[in-house]
Amino acid sequence: MTKRQHSIWLLITILFAVCLTTITLTRFVTVPWHAIGELGGDGAKNNFTYLYQSMYGSGYWFTGMNYPYGEHIVYTDGQPLLSVILDHFKNVSAGDALTVMWWLIDLSYVLAIVFIYRTLTHFRVGPLVAMIFAGLITIFSPQLFRIQGHYALSYTCIIPMVFYWLVLYHERVRMRYVVYLFVAGCLSAFLHLYYIAMMLIWIIGYSLGYFIFIKATLRQKVKHVLPLFLGIICVFAVVSLVMKLTDPVTDRPASPYNSFYETCTRPRQIITSVHSPLWEFAQSQRLIYTLAMSGEEGYVYLGLVICFTIAFSVVLVLVRSFAKKKLDILVADTGFSPIWLFTALLALLVCMGIPFIWHPQWLDYLAVFRQFRSLGRFSWIFYHIIAVYCVIVIYHYYKELVAKRGLMPGIALLAGAIGLWGFEATGYIDYAIDRAHYATYNYEMMFSEKEQNWQAYLHDHNHSKDDFQAIIMLPFFHVGTEKLWVGNSEWLITLGSKAALQMHLPLVDVKMSRSSWSQAMKQVKIAAGPYADKPMLRDLPSQKPFLLAYFDEGEYLDPDQRYLFLASDYIGHYSQCNLYACYPARIAANDKMKADTINSIVPFMHSADTCITDRGVWYVDHFDNKGLAERLFGAGASPYMNKDTSIIATIPVKPVGDSQYYEFSCWFLLGNKDYRSPDILLYGLDSSGNSIDTTFVHTNASVDNRGMWFRASKYFYVHRKVKSLKCILINRPGPTYVAMDELMLRPAYSLIISKAADGAVMVNNHLFKERK
């Protein structure tokens, strides 16, 4: 093909890519300024962080959540490459920010098609066939499903670019391709850090493959791969330098939560899909019962064409190997190096969690990869390499058919492959069109375009946004430190971000990732009730009230969160929430009034437990007889029990009435190296010892703490038929804690004061006064 023909086909491919992208992403292309992909969960959080930073932010520090502390924009999925640039323009609207984001995502699809086309033609696939299959590979990419919420992972061009430039570097050894990879790595890292992890896997796989398959001296091999490693090291260095200069937080979790089974790729996610019309039909006929869902982290459906081609290739390898024939159709005459298949295999092993899924502790030696906990995302490398390889095999077998049997069998092969792949791709296109259909509604809902907005509502109720310093959503949630996962944020983050974006008011609640432990431990105490110290109140820059928004369709608030209402004035009901003006000074004054009452009682107490306002059976165990010196309160604590489950108490109860509201609490000293913490399972037993009901108590939902001591607690109802509570400690995966202290069961509205010999005081199992 001449240079002129190549240019013409490249132009045709660009036009094809624009048309296919427009058909697939529809309103994300035509009206991006009114398009929000998802309203709930991670999607809502990612909408909020990107938009709030673009509209109201300044530099790298995100102030829209975790008030009054804020967070580094990189840890919020806020796409700093875009949002930090946009925030410098000031007065950027939500529509402006959305347009920039969606058109860049749209452009990434066009570029992905173009780069895959260039990769295929480089491996001698005909231009028309390469163009069509490039479109199918791109639309079939698992990254398509990230438009629902993980927008930073939707830039589909990055992996095809890396593949193409590595192919050219492999064959031509030009330093400009290393520079291209370096620039792409730096830019993509500030969209999402996973991209540089993927580049690292690419380079490791390629380098190992080069050492295995290329015949050269060790010196030559090292000289060949060294520039690639230096390039990716420089990317990490640039990112690390930027983070060091812009991030003052020093106590982020070094070992985040990792659920290997949930985030790794499973065989079902490779060969089945709920979005394939053929697999949907098979399920409707009960030929298969479980299909892979696109929301699963390990999802990487290859499609039937790729699966058939892989099976055909394996059979052909076996047959030709047995016949001692050359495997031209698979590798040699295409120019496709076995290095790429080796890289794909390595990526497949990584995304399947091998060997870490069998021994997760091995990751302790790979601290970098512990931070990239969704290993299933590395399957995208595997998908792109295998898809390109299979198209090459199909095309070259087509040429072989044409040479041996004539044109029609070859055309039938191509038409069948394109038709089957295209038919399955309709499920993906339907998904994208469906997402785009709701995108306009989501935008209208988020910005109250067809209803009274937040500012107008407050004005009608004699308030303005300037009356408040921040928003507290109830039930309170704080997700993002790995050690603490307080509350359910799925819909509350939507309601909170809606108010925050419209009024330029930050949220106190948190839904982020890898947040500061010390800040989180101060933050959650706002929901810990009257007897917990609240250091966040002392860190506030203002005494303006909080806008307290109680989602009245959510779970029932426990007494500790309802305590905030005592410091609040009711405003009204709006957007599924009861609204209050909650005054920090009143919270502090109420706490002091409670403290004064306790201080008036404690001097007259001996070293004992005293129940005031007794309303039923209560129980306290200080574990003083266990003798462990590393204690929270009293004379001792219980040391770590190295069992998966242990019975730590069986407590007789006698509920008042048909049922009685109780609180269970227990303190655990946790390690500071990982996310682990224990759970407690409470079995309510009748007089015959049969279980009537169960209650889970999660230590990671703690809202009170001292150092690395965390108070696990739960309010729950005890039925009248329950005669005892069996408390079982769940220690998986162990070790989940260091020591245990201060177990208490009390009627929810009782007051229990404990005084130790050293002068320390606890009130309702909150540490009220430190030992002398």
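The values are calculated or read from the model by the stated rules, or taken from the named source; none is laboratory data. Keep in mind the model is a prediction, meaning the values are calculated, not measured. Every residue, glycine as well, gets a Cβ built from its backbone with ideal geometry; the counts of neighbours run over all protein chains shown. Ligands, DNA and RNA are excluded from the accessible area calculation, which covers all protein heavy atoms including side chains. Shrake-Rupley method; radii C 1.70, N 1.55, O 1.52, S 1.80 Å.
What to note about this one:
- Cα long-axis angle, helix 218-246 against the chain (0 to 90 degrees, to the nearest 10): 40 degrees
- Solvent exposure, largest accessible area first (probe 1.4 Å, DNA, RNA and ligands not counted), of 619, 556, 289, 177: 289, 556, 619, 177
- What the Cβ-Cβ distance of residue 85 and residue 544 gives, at R0 = 30 Å and to the nearest 0.05, is a FRET efficiency of 0.45.
- Area accessible to solvent at residue 569, 1.4 Å probe radius, in Å²: 60 Å²
- For region 116-234: rounded, prolate or oblate by the Cα gyration tensor [a/c cutoff 1.5]: oblate
- Counting charges near residue 229 (Lys, Arg +1; Asp, Glu -1) among other residues having Cβ under 15 Å from its Cβ returns a value of +2.
- Stretched out straight at 0.36 nm per residue, the stretch from residue 6 to residue 128 would grow longer than its current Cα-Cα span by 42.8 nm.
- The chain, helix-only ellipticity at 222 nm - DSSP H runs n ≥ 4, -39,500 (n - 2.57), divided by all residues, nearest 500: -14500 deg cm²/dmol
- Whether region 604-649 is rounded, prolate or oblate, judged on the alpha carbon gyration tensor where a/c under 1.5 counts as rounded: oblate
- A probe of 1.4 angstrom, applied to the heavy atoms of all protein chains, finds residue 490 with accessible area near 100 square angstrom.
- Nearest-ten-degree value, helix 3-25 long axis tilted from longest Cα axis of the chain: 30 degrees
- Rounded percent of accessible protein surface that carbon and sulfur make up, region 425-494, 1.4 Å probe: 49 percent
- Accessible surface of region 560-600 [probe 1.4 Å, protein heavy atoms]: carbon and sulfur percent: 56 percent
- Residue 732 paired with residue 686, simple spin-label distance in nm, labels 7 Å along Cα-to-beta-carbon: 2.8 nm
- Within the accessible surface of region 631-772, defined with a 1.4 Å probe on protein heavy atoms only, the carbon and sulfur portion equals 49 percent.
- Computed on protein heavy atoms with a 1.4 Å probe, the accessible areas place 243, 593 in the order 593, 243, largest first.
- Kirkwood hydrodynamic radius of region 73-115, from inverse mean 1/r over distinct Cα pairs, in Å: 11.5 Å
- Share antiparallel - DSSP beta bridges, the chain, percent rounded to 5: 90 percent
- C-alpha center-to-center spacing [region 656-678, region 98-150] in angstrom: 50 Å
- Using the 1.4 Å probe convention, the accessible area of the chain works out to 41 Å² per residue with neighbouring protein chains retained.
- With Cα atoms, 0 to 90° folded angle of helix 492-503 axis to the chain main axis: 90 degrees
- Measuring against 20 Å, Cα to Cα, the residue pairs 723/755; 525/592; 45/525; 483/525; 522/592; 654/721 contain 723/755; 45/525 as the ones spanning a longer distance.
- Distance between the 7 Å Cα→Cβ label points at residue 647 and residue 278: 5.7 nm.
- Only Lys, Arg (+1) and Asp, Glu (-1) charged, at Cβ; the chain dipole about Cα centre in debye: 2940 debye
- In Å², nearest 10: area of residue 150 left accessible to a 1.4 Å probe: 40 Å²
- For residue 726, the aspartates and glutamates whose Cα comes closer than 18 Å to its Cα, not counting residues fewer than 8 places off in the same chain, are 621, 644, 663, 679, 686, 693, 741, 742.
- Extended-chain gain in nm, criterion 0.36 nm per residue less alpha-carbon gap, residue 613 and residue 211: 137.1 nm
- When all protein chains stay in place and ligands, DNA and RNA are ignored, the 1.4 Å accessible-area order of 676, 176, 146, largest first, is 176, 676, 146.
- When restricted to Cα atoms, the chain yields an Rg and a Dmax of 30.0, 104 Å, respectively.
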